[in-house]
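Here, each number is a calculation from the coordinates, and none is a lab measurement. Because the structure is a prediction, the values reported are computed rather than measured. Every residue, glycine among them, receives a Cβ derived from its backbone with ideal geometry; neighbour counts consider all protein chains shown.
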Amino acid sequence: MSELIYRRMQLSDIDRILEIEHRSFSAPWSRAAFEGELTRNHFAKYIVVEIDGVVAGYAGMWIIIDEAHITNIAIDPAYRGRKLGENLLRQMMMVAVWNGADRMTLEVRVSNKTAQSLYQKLGFIKYGIRKGYYSDNGEDAIIMWANLDPKRYERDTTEGSDADGLAGKSQN
């Protein structure tokens, strides 16, 4: 069994996050972008999932008033197929609720049917298109929204968990 930990992203994680970015996206974010999100954006919440001490994926969002906007989510290709993306997004939804969000939104490439299927499974509904949204190839993005149910999420009071209830351990 592997030990899974969900915790806040730290500046020391950025080298590993950049590896995952480059393996996952044709237009990866820069070190400066992640540093800015972690140090200067008070709307930003970023978490990582660790498997046996190795960061296997991460996700980020902005929470503005009562809405959460997923900025990015990625699982290292070597760790895909283990439902880590689904569980990471569920963690993000939980953190969003704990921080006052009632709804969550994201954009997804029209060609990324796998991600669209996951988002629909978790309650996201297609609400529109952003034409030419992706700068690398001009591909359109589907805008998706989900309502967040606060009754589904109770705060984790496990010893060692942070203010967002993260860093609790689970077995996989």
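Step through the residues of the stretch 69-80 one at a time and calculate ³J(HN,Hα) from phi using the Karplus curve (6.51 cos²θ - 1.76 cosθ + 1.60, θ = phi - 60°), rounding each to whole Hz and writing x for Gly and Pro.
Values per residue, Gly and Pro as x: 10, 5, 8, 6, 8, 7, 10, 3, x, 5, 10, 6 Hz.
Counting Lys and Arg as +1 and Asp and Glu as -1, each charge on the Cβ, what is the dipole of the stretch 3-155 about the Cα centre in debye, to the nearest 20?
400
Quick query: amide H of VAL49 versus all other amide H atoms, modeled in the peptide plane; which residues come in under 5 Å with a sequence gap of 5 or more or a different chain?
ALA56, GLY57, TYR58
State, as an integer percentage, the relative contact order of the stretch 3-155 based on alpha-carbon contacts under 8 Å between residues 6 or more apart.
18
Hydropathy at least -1.0 by Kyte-Doolittle, axial extent at least 18 angstrom from the Cα trace: which helices of the chain, defined as entire DSSP H runs, fit?
84-98
Please report, for the Cα atoms of the chain, the Rg to one decimal and the Dmax as a whole number; what are they, in angstrom?
Radius of gyration, then largest Cα-Cα span, for the chain: 15.4, 46 Å.
Just tell me which lysines come within less than 27 Å, Cα to Cα, of LYS151; anything on the same chain fewer than 8 places away is out.
LYS45, LYS83, LYS121, LYS126, LYS169
Dipole of the chain (Lys/Arg Cβ +1, Asp/Glu Cβ -1, origin at the Cα centre): which of GLY123, MET92, ILE70 lies farthest to the positive side?
Of the options given, the answer is GLY123.
ILE129's amide H: which non-local residues (gap 5+, or another chain) put their own amide H closer than 5 Å, with H modeled 1.01 Å from N in plane and none for Pro or chain starts?
ILE143
Mind checking which of TRP29, ALA56, MET144 is farthest towards the positive end of the chain's charge dipole, using Cβ charges of +1 (Lys, Arg) and -1 (Asp, Glu) about the Cα centre?
MET144
Hey, what number do you get for the chain at 222 nm if only DSSP H runs of n ≥ 4 count, each worth -39500 (n - 2.57), divided across all residues, to the nearest 500?
-7500 deg cm²/dmol, from helical runs alone.
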